[in-house]
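Peer 1: Before I ask anything, here is the structure I am working with.
The values are calculated or read from the model by the stated rules, or taken from the named source; none is laboratory data. As the structure is a computational prediction, the values presented were derived from the model and not from experiment. Here the Cβ positions follow ideal geometry from the backbone for every residue, glycine too, while neighbour counts run over all protein chains shown.
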Amino acid sequence: MRQSAFNKVTIFFKVFFKHYGMAEVSSSAIVLAYYSLLSIFPAVIMVGNILPLVGLSANTVLNYLSTAIPPTVYDFIRPLISDFLRNGSGSLLSIGAIVTLWSTSQAVAAFQRSVNRAYGVAQNQNAIVNRVVSFIWMIVVIGIMAAIIIFFSVGQLLLEQLQPIIHIDMSLIKFVASIKWPITFGGLFITLCLLYYFVPNARVKWRYVFGGALLVTILWMLLSQVFSLYTHLFARTVTSYKTVGVFIVLMIWLDLSGMIVMIGATLNATIQSLYEGKIDEKTRLLEHVFSRIRHKGK
């Protein structure tokens, strides 16, 4: 029995490291970190110009942002992000939207290519299809994050307005305001499940995405806490360089985050290949349309 369990563990890690190598996790994490860095500040500029339109304050966004990123990183970039959120203009909204669309879709496209390699599929995927799919999922991710922030901001505000009328227990209002950690956790988990299921050009089954999504969500939340200890103990010299140090620390965190996300994809691919065997490639509707156009042209 022990030998059988040992053999299963050995096989699991053998398959895992096979997919880990296929995904080129370290290189993929660097690419994801680069495009994520490019998209952060344009996205913040765009959000800062949208906030007044939906009646939300900059503090609402900063409150949830502080939950998702390490306190050390947050303390350094908070003044810059706060300034972007509070001082916007129409021209900045247009520029921010354009740059955000490009940089974020690049990040999603890089994620898609990396996950495809983990599954061993879609090495020659159509570039146009890849960009269209990336754009769609960029909108989905932004939409989920915005929905979480808006729902709980408006929800708390609505409860406060209704309290004098229908005498809502104040403890309920405090409860809604205090559950940002579970909501951040749930939002990350749902977003990752959707990305791991829909983004790969492989026939992924739902039951095989939950493990990787859960692992990544836990590791990501832990990273936010552990990384603060790291910067406090080992990165004081780096952070003493102020702005340059901030970007160095931010890039290290983004690189580690990218690595965690790719490990989750690798875990999903490993579990599915162990239970299902060879993972087949799926043909997207857009791929089918472009294929028919090419054949007609010939």
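Peer 1: Sort out which residues of the stretch 195-211 are within 12 Å of THR266 (Cα to Cα) and out of contact with any Phe, Trp or Tyr (no Cβ under 6 Å at 6 or more places or on another chain), and write them in order of number.
Peer 2: Hits for the stretch 195-211 are TYR196, TYR208, GLY211.
Peer 1: Only residues in the stretch 195-212 that are closer than 12 Å to VAL121 by Cα count as the first member; pair them with residues that are surrounded by 16 or more Cβ atoms within 10 Å (Cβ to Cβ) and of a type in the set (Lys, Arg), Cβ under 9 angstrom, at least 6 apart or cross-chain, and list the lot.
Peer 2: Note: pairs meeting the criteria are ASN201/ARG284.
Peer 1: Further question: Within the stretch 191-207, count every residue that is of a type in the set (A, V, I, L, M, F, W, C) and assigned to a helix (DSSP H, G or I).
Peer 2: 6
Peer 1: Further, regarding this structure: Quick check: anything in the stretch 43-51 modelled with pLDDT of 75 or more, surrounded by 14 or more Cβ atoms within 10 Å (Cβ to Cβ) and either over 19 Å from VAL249 (Cα atoms) or in contact with a Gly (Cβ under 9 Å, 6 or more places away or on another chain) (or both)?
Peer 2: no
Peer 1: Take the residues in the stretch 176-228 that are buried (at least 16 other Cβ atoms within 10 Å of the Cβ) and among the polar types (S, T, N, Q), then tell me which one is modelled with the lowest pLDDT.
Peer 2: Going through the qualifying residues, I end up with SER228.
Peer 1: Do you know which of the residues in the stretch 229-267 that are among the polar types (S, T, N, Q) and crowded, with 19+ Cβ neighbours inside 10 Å is modelled with the lowest pLDDT?
Peer 2: Step by step, filter the stretch 229-267, then rank; the result is THR231.
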